[in-house]
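Notes follow the structure.
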Amino acid sequence: MLTDDGQIALILYFVLILPGVLLHEISHALAAWLLRVRVRHLSIGIRPKGEENKVRLGSVDIAQTDPIRGSLIGMAPLIAGCAAILFISNWGLKLNEFDLGGEAFWDALRRAYQVPDFWLWVYLVLAVSNAMLPSSADRRSWGVALLFAAFAGMILYFTGLLDTFSEPLARWARGAASQLTYAFGVTVAVDLAFAILVFVAEQGLGLLGFGRIRYG
């Protein structure tokens, strides 16, 4: 709306979420290296995606591998993003875990606002959260991996081994679900605040004669 130039807007968006883009692509490359899959090329920058009106902000080209390792490499940005948000929330914002639906939520936010570099930490959450979701290419091998996991679960169930691992697995699953809920709760809170800010800015610019944005 301010520049009337989509390319400038795209460049500004790229600069805004650059820390998240870097984490996304580096996590792909690091996961491939740990799983002994050769990384052919890593690039950061705006590139055409091959689909109409779509671009890439970064990419990692790896050698052909099996579906299991391919799925793990594809999931790496989501895992790294959640870990980064948990680190920022606990160490940077000093939030620790809190009740997302109660008064503790607002008390935690008031305490977080008083920490040094509050806005820097909020910006990093915004940048990471908007770049950590797997792309369609990242999800390409997930179908086979899910079938493999289902098959392994059936073997554990029918051999009776599931009972042996059920309690440790249940504890791990509860802990993982709690951490994920916390990470996504912080992400939603930051993104919602930013979305409200963008909406107010759009309405204000529209009233000043800068046009309107149509979504969809």
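The trypsin sites (Lys or Arg not before Pro) found in the stretch 1-66 that occupy coil by DSSP, while having at most 13 further C-beta atoms within 10 Å, are Arg36, Arg38, Lys54.
Tell me, what is the FRET efficiency for Thr159 and Asn90 to the nearest 0.05, using R0 = 35 angstrom and their Cβ-Cβ distance as r? The calculated FRET efficiency here is 0.35. With neighbours defined as other Cβ atoms within 10 Å of a residue's Cβ, the residues Met154, Met1, Met75 order from fewest to most as Met154, Met1, Met75. Remark: the Leu109-Leu22 segment gains 28.5 nm on full extension, using 0.36 nm per residue and subtracting the alpha carbon distance. Note that the stretch 8-25 has calculated 3J(HN,Hα) couplings of 5, 4, 5, 5, 5, 5, 4, 5, 4, 9, 3, x, x, 5, 4, 4, 4, 6 Hz, one per residue in order, obtained from phi through the Karplus relation 6.51 cos²θ - 1.76 cosθ + 1.60 (θ = phi - 60°); glycine and proline are x. Less than 5 angstrom separates the built amide H of Ile62 from those of Arg40, all sequence-distant by 5 or more or on a different chain.
Modelled this way, with points 7 Å down the Cα-to-C-beta line, the labels at Ile68 and Leu205 are 4.9 nm from one another.
Say R0 is 25 Å: what FRET efficiency, to the nearest 0.05, do Ile8 and Ser135 get from their beta-carbon distance? That pair, Ile8 with Ser135, gives E of 0.55.
Coordinate-derived values only; no laboratory data. The structure presented is a predicted model; accordingly, all values stated were derived computationally and were not measured. Heads up, the Cβs are rebuilt from the backbone with ideal geometry, glycines too, and the neighbour counts pull from every protein chain shown.
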